[in-house]
1. When you look at residue 145, is it within 21 Å of residue 288 (Cα to Cα) and either buried (at least 16 other Cβ atoms within 10 Å of the Cβ) or under 18 Å from the mean Cα position of the chain (by Cα) (or both), yes or no?
2. Do we have residue 191 as under 21 Å from residue 119 (Cβ atoms) and part of a loop (DSSP other than H, G, I, E, B) here?
3. How about region 90-171: which strands (runs of 3 or more DSSP E) wholly inside it have at least 3 residues that are in contact with a helix residue (DSSP H, G or I) (Cβ under 8 Å, 6 or more places away or on another chain) and under 19 Å from residue 250 (Cβ atoms)?
4. Out of the helices (runs of 4 or more DSSP H) lying entirely within region 1-76, which hold 3 or more residues that are modelled with pLDDT of 90 or more and surrounded by fewer than 17 Cβ atoms within 10 Å (Cβ to Cβ)?
5. Answer with yes or no whether residue 209 is farther than 30 Å from residue 14 by Cβ, out of contact with any strand residue (DSSP E or B) (no Cβ under 7 Å at 6 or more places or on another chain) and buried (at least 22 other Cβ atoms within 10 Å of the Cβ).
6. Which of the residues spanning region 170-190 are surrounded by 23 or more Cβ atoms within 10 Å (Cβ to Cβ) and either out of contact with any strand residue (DSSP E or B) (no Cβ under 8 Å at 6 or more places or on another chain) or closer than 19 Å to residue 202 by Cβ (or both)?
7. In region 275-300, how many residues are in a strand (DSSP E or B), out of contact with any helix residue (DSSP H, G or I) (no Cβ under 6 Å at 6 or more places or on another chain) and crowded, with 21+ Cβ neighbours inside 10 Å?
8. Would you say residue 263 is closer than 19 Å to residue 49 by Cβ, in contact with a strand residue (DSSP E or B) (Cβ under 8 Å, 6 or more places away or on another chain), surrounded by 21 or more Cβ atoms within 10 Å (Cβ to Cβ) and in contact (Cβ under 8 Å) with a residue 24 or more places away in the chain?
């Protein structure tokens with residue numbers, strides 16, 4: 001299946017809602033007031049957000065004025081690419097050994113699952129990968145990650161008891177990674193509400209421990225957002241960036257929502273790049289973010 005097909009399938013609910021709301025207007029070559037109103041309602045329903053909706057329509061209008069051969073669908077795709085195209089980043093190990101990534105986010109966004117899927121991918125690529133179960137609060141979180149480690153064929157470091165200090169687990173995990181010659185370390189942190197300042201401060205402690213054990217770590221802080229939460233993810237992203245230096249975003253569960261326009265809202269309103277998207281529940285149902293495939297998946 002091609003990259004575009006993966007995005008098209010994963011974004012089908014958002015695309016269907018958008019195209020049904022706008023209808024034949026996507027074939028127009030001009031933007032009249034009635035079409036603008038239709039488009040505004042459709043984009044807001046997809047959680048593109050008011051500010052980014054205005055910017056996207058302005059970009060589409062500019063494209064239509066510049067190229068008379070375009071229809072509204074193509075102009076919207078160009079506008080979407082211009083909004084998110086410069087705001088994506090690779091989530092990929094660098095030359096550091098071990099290369100350390102923290103996965104952070106609120107409860108229930110799919111961090112543990114995503115960590116397992118990424119570990120499987122790196123293991124298949126021949127990289128010695130280690131998972132660190134730093135979520136010591138959620139019942140059975142370490143057990144869940146243990147299952148993923150088994151599926152991925154990678155090692156895991158976890159605490160022997162619930163409620164252990166997550167920073168201590170991270171210290172042990174990174175020390176083990178150095179001793180074992182690991183290439184990649186993925187640290188699964190506990191879900192925490194972005195409004196709980198003490199828990200957010202704990203992320204800073206974990207980050208400092210990383211740097212003490214592996215100079216320069218963490219090399220990537222991946223903020224995982226749940227696409228079904230729509231614009232709530234925007235508020236979460238703002239809060240997490242004040243607590244830790246977020247490198248990029250992963251947006252999961254885009255296949256299960258009609259609010260997939262939130263990727264545009266995040267890219268349009270925050271200076272945070274998107275690196276990964278989750279497009280299903282299977283082991284390989286995730287993709288590196290691609291602006292053109294995403295735009296086509298929304299509108300074609």
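The values are calculated or read from the model by the stated rules, or taken from the named source; none is laboratory data. Everything numeric here is computed off the predicted structure, so don't read it as measured data. Don't worry about glycine lacking a Cβ; one is built from the backbone with ideal geometry, like all the others, and counts go over all protein chains shown.
1. no
2. For residue 191, the condition - under 21 Å from residue 119 (Cβ atoms) and part of a loop (DSSP other than H, G, I, E, B) - is met.
3. Of the strands (runs of 3 or more DSSP E) lying wholly inside region 90-171, those with at least 3 residues that are in contact with a helix residue (DSSP H, G or I) (Cβ under 8 Å, 6 or more places away or on another chain) and under 19 Å from residue 250 (Cβ atoms) span 99-104, 129-134.
4. Correct list: 33-45, 50-66.
5. It is true that residue 209 is farther than 30 Å from residue 14 by Cβ, out of contact with any strand residue (DSSP E or B) (no Cβ under 7 Å at 6 or more places or on another chain) and buried (at least 22 other Cβ atoms within 10 Å of the Cβ).
6. 170, 173, 174, 185, 186, 187, 188, 189, listed by residue number.
7. 2
8. yes
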